[in-house]
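Report on one structure; see the data block that follows.
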Amino acid sequence: MDLTSKQRAQLRSLANNIDTILIVGKDGIGDNLVKQANDALEARELIKGRVLENSLLSPREAAEALAPLTRSEIVQVIGTKFVLYRPSHKKDKKDKIVLVQDKKRAKG
């Protein structure tokens with residue numbers, strides 16, 4: 001699933017108001033961090049992570065490593081923070097994020 005620029009902009013604006021819940025430290029990305037990210041993505045769809053200064057990974061590297069492991073999309077990487085998005089599979093989720101549809105892509 002590739003995000004359009006409009007969808008990415010929408011998710012970026014939503015991410016401004018959320019707290020950082022994922023911290024990548026000197027241990028890098030382990031099974032525990034991937035499980036934590038998966039659980040958070042399933043519950044919230046949009047999560048913000050931060051890479052500590054003592055980490056061996058840059059924020060871009062951390063996001064690029066975590067995205068395929070969690071089947072999520074990188075929304076943005078800025079400073080020490082990154083934002084990941086994955087639509088929830090729960091049908092009964094009340095506050096699902098509804099992405100804007102790009103009108104140009106709809107034709108075809």
Next item on the list: Find the Cα radius of gyration of segment 1-44, compare it with 2.2 N^0.38 Å by division, and give the number to two decimals.
Entry: 1.39
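Within 15 Å, Cβ to Cβ, of V77, how many net charges do the neighbouring residues add up to if Lys/Arg are +1 and Asp/Glu are -1?
Numbers: positive: R8, R12, K48, R50, R60, K81; negative: E61, E64, E73.
Every neighbour counted, the sum reads +3.
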Checklist line | Net charge, N16 excluded, C-beta distance under 13 Å - Lys, Arg +1, Asp, Glu -1 | finding: +2
Notebook entry, point to check: Which links in K6/K26; K26/K96; K6/K35; K48/K90 stretch past 24 Å when you go from one Cα to the other?
Noted result: K6/K26; K26/K96; K6/K35
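For N54, what is the net charge nearby, where nearby means another residue's Cβ is under 14 Å from its Cβ and Lys, Arg count +1, Asp, Glu -1? Don't skip to the answer; put the middle values down first.
Working: positive: K26, R50; negative: D27, E53.
Computed value for this residue: 0.
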Next item on the list: Take the Cβ-Cβ distance between N54 and N17 as r, set R0 to 35 Å, and report the resulting FRET efficiency rounded to the nearest 0.05.
Entry: 0.80
Margin query: Output needed for segment 5-106: three equivalent-ellipsoid semi-axes, defined as square roots of 5 times the C-alpha gyration tensor eigenvalues, in descending order, whole Å.
Written below: 24, 16, 12
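Any read-out appearing in this document is the output of simple, stated calculations on the displayed coordinates, not a laboratory observation. On a predicted model such as this, the values are computed, not experimentally measured, just so you know. Every residue, glycine among them, receives a Cβ derived from its backbone with ideal geometry; neighbour counts consider all protein chains shown.
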